[in-house]
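Participant: Sharing a structure, written as C-alpha cells. Questions coming.
Please treat every number below as a calculation from the coordinates, not as lab data. Just so it is clear, the structure is predicted and the values come from calculations on it, not from any experiment. Reconstructed Cβ throughout: ideal geometry from the backbone, glycine too, with neighbour counts over all protein chains shown.
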Amino acid sequence: MHDLIAWLVDFFETMGYPGIFLLMAMEGSIFPMPSELVIPRAGYLAQQGEMNLLAVIVTGTAGSLAGAYLNYFASRHLGRPLLLRYGRYFFISEKRFARAERFFLEHGEISTFIGRLLPVVRHLISVPAGLSGMNHWKFSLYTLLGSGLWVTILAGLGYWIGEEEELLARYSREALIVVAVFCTLLAGIYVWRHCRRRSAERR
C-alpha cells in the first residue's frame, strides 16, 4: 500500500491538477487514498510557484465532491432498493430503516459537514445520505463546505511548511485534533439547540 500511494503521489505530480482531482475523487469515495499526502504536497508546489494555491484548493474540493457523488448516487439508486428488499436478512427491518432515514433527513446537513472533516467517516458519510434520499443540493452544499475547509487546511500546511515531512506529519496530526475538537463542539451546540427547540415546541 505504501508503494502504491507513493506511485499515486508521483502520478499526481506528473498529471498536475487533473491528478489532484482524480486522487481526491478516489479519496472522497471508498479508496483509502489519504488526502494528507496529496494536498500538502500540492500546497508546497504552489509555494514553489509550480502550482496555484487557489487552483489546488478548488481542484481538490471538486475532486472530493465527485467522489462523494459516486457513493451518494450509488447508494440512492442501487443500495436503497436492495436494503429494503434484503435488509431483514441482516436484522434491518423496514421500521428500523425508516427510523434511521428520518434521523438523517432531519440531521443530514450537520452530519455531512462534520463527516467530511473526519478520517474514515469522510469515505462513508455519503452512503447514509444517499440511502436516506437526502436532498441533492443540500448534500452538495455541505459536502463542499466540509471538503473545502479540510482541503484549505491541508493546502495551507503544505504551503507554509514545505517539504519537511516529519514537521508536516506532526502539524497534520495536530490539525486533525483541532478539527476533531471543533467537530465535537459543533455537534454539541447543534444537539443543544435541537433539544431546546424541541422543548419549546412541546410547551
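Participant: Can you check what the Kirkwood hydrodynamic radius comes to for the range 108-203, Cα pairs only, in Å to one decimal?
Facilitator: For the range 108-203, inverting the mean 1/r across all distinct Cα pairs yields 15.0 Å.
Participant: Where does each of 36, 27, 174, 166 land when they are ranked from fewest to most other beta-carbon atoms within 10 angstrom?
Facilitator: 166, 174, 36, 27
Participant: Gap in Å between the Cα centre of the range 159-194 and the Cα centre of the range 116-151?
Facilitator: Rounded to whole Å, the Cα centres lie 17 Å apart.
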